[in-house]
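Let me begin by presenting the structure, written as structure tokens, before commenting on it.
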Amino acid sequence: MIAALRCVIQRDLLLAARRSSDVMTVLGATPLGLIVAAKVFAHWFVTGLPLVLISPVLALQFDLPQELLGVLVVSLALGTPVLSFIGAIGAALTLGLRGAGALLALLVLPLYVPVLIIGAGAAEAAAAGLGGSAQLLILGAMLIVAAAFAPWAAAAALRISVE
């Protein structure tokens with residue numbers, strides 16, 4: 001019996017050594033919500049930030065007036081992190097499920113639409129001479145709400161999927 005116990009302990013230690021990042025997470029006692037927020041930031045840094053940076057060039061290519069470039073860049077800078085936070089919740093909810101890609105699309109697309117409409121509406125309102133600040137404020141509020149609650153929701157979904 002002691003030999004079996006020792007074998008199980010050795011196996012678990014070997015598995016833990018192979019996944020040292022999991023062990024360090026537990027040892028560091030880092031809250032799961034903070035890890036989710038860091039992952040979302042890393043995702044946005046790799047995908048959203050390049051889009052924000054290249055958008056003025058693309059806007060000029062498609063003949064957007066130069067006075068609207070600022071509104072476009074700000075709306076993308078506020079909207080793309082919201083999309084990353086929504087995607088994190090969807091990914092956490094569909095973790096380990098069959099057909100997760102299709103289910104993920106069904107879950108997050110309806111939540112993406114308001115962000116996209118308001119972001120595009122900011123540039124459209126600025127083009128109409130209305131300024132677009134109302135839409136930018138709404139996007140800012142969406143970002144604050146998403147940054148406050150999405151890591152918590154994704155962490156809860158991850159905890160449920162682990163159980």
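Please treat every number below as a calculation from the coordinates, not as lab data. Small disclaimer: the values here were computed from a predicted structure and weren't measured. No Cβ is skipped: glycine too gets one built from the backbone with ideal geometry, and neighbour counts run over all protein chains shown.
A few remarks follow.
- Read-out volume of the Cα convex hull per residue in Å³, derived from the coordinates shown; its label in (1) 138; (2) 223; (3) 253: (1)
- Ordered from longest to shortest, the equivalent ellipsoid semi-axes for segment 49-114 are 31, 11, 10 Å, each the square root of 5 times a Cα gyration tensor eigenvalue.
- Most mobile listed residue (Ser84, Ser55, Ser75) in the chain, GNM with C-alpha springs under 10 Å: Ser55
- Computed from Cα positions, the angle between helix 100-127 and the longest principal axis of the chain comes to roughly 30 degrees.
- Summed side-chain charge close to Leu32 - residues other than Leu32 whose Cβ falls under 11 Å, Lys, Arg +1, Asp, Glu -1: +2
- With the simple spin-label model, which puts each label point 7 Å out from Cα in the Cβ direction, the Ile160 to Ile117 separation comes to 2.6 nm.
- Against the main long axis of the alpha-carbon atoms of the chain, helix 32-61 sits at an angle near 30°.
- Degrees, to the nearest 10: 69-93 long Cα axis against longest axis of the chain: 30 degrees
- Over the chain, relative contact order from alpha-carbon pairs under 8 Å, at least 6 apart, %: 28 percent
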